[in-house]
Amino acid sequence: MHEFSVVSQIVPVILEKAQEAGALKVLRVDMEIGELTFLVEEQLKYAFEMLFTGTPAEGAEIRFTTIRAAVECSKCGYRGGVEAVDTGIMRVPVLMCPTCREPAEPVSGKEFNVRDIQVELPDK
């Protein structure tokens, strides 16, 4: 379960940013996940819940936005989305140009970013 090791690197950053803002509590974390990371949302949520336990982020809502894979073909110049195979567990993008069927380089879909952190601040 590589989701746990990935999340374990992000949680300290989230907690640090919340502390820098003077937050009492982390209410929500918005994440962007590229299709090519092959990270599973349910497992990510579980890892966040485990690692947030006992911290100001305990109970925070975790929301995910999926960034679809896109490729660029050096042969025909195509740049855009790709076809995918549904395995029943996840959608697996095919890194092949849909126009000329040659292998293509990914230009998006590898992202794993914290997009936004919503916190509760003390009353002033």
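The values are calculated or read from the model by the stated rules, or taken from the named source; none is laboratory data. As the structure is a computational prediction, the values presented were derived from the model and not from experiment. A quick note on method: Cβ atoms are made from the backbone with ideal geometry, for glycine too, and the neighbour counts reach across all protein chains shown.
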Within segment 26-44, is there a residue that is surrounded by fewer than 16 Cβ atoms within 10 Å (Cβ to Cβ), in a strand (DSSP E or B) and β-branched (Val, Ile, Thr)?
no
Listed residues 108, 74; which is at pLDDT 90 or above, among the hydroxyl-bearing types (Ser, Thr, Tyr) and either under 27 Å from residue 28 (Cβ atoms) or in the same structural domain as residue 3 (by TED's automatic domain parsing) (or both)?
108
How about segment 76-124: which of its residues are among the aromatic types (Phe, Trp, Tyr) and under 20 Å from the mean Cα position of the chain (by Cα)?
112
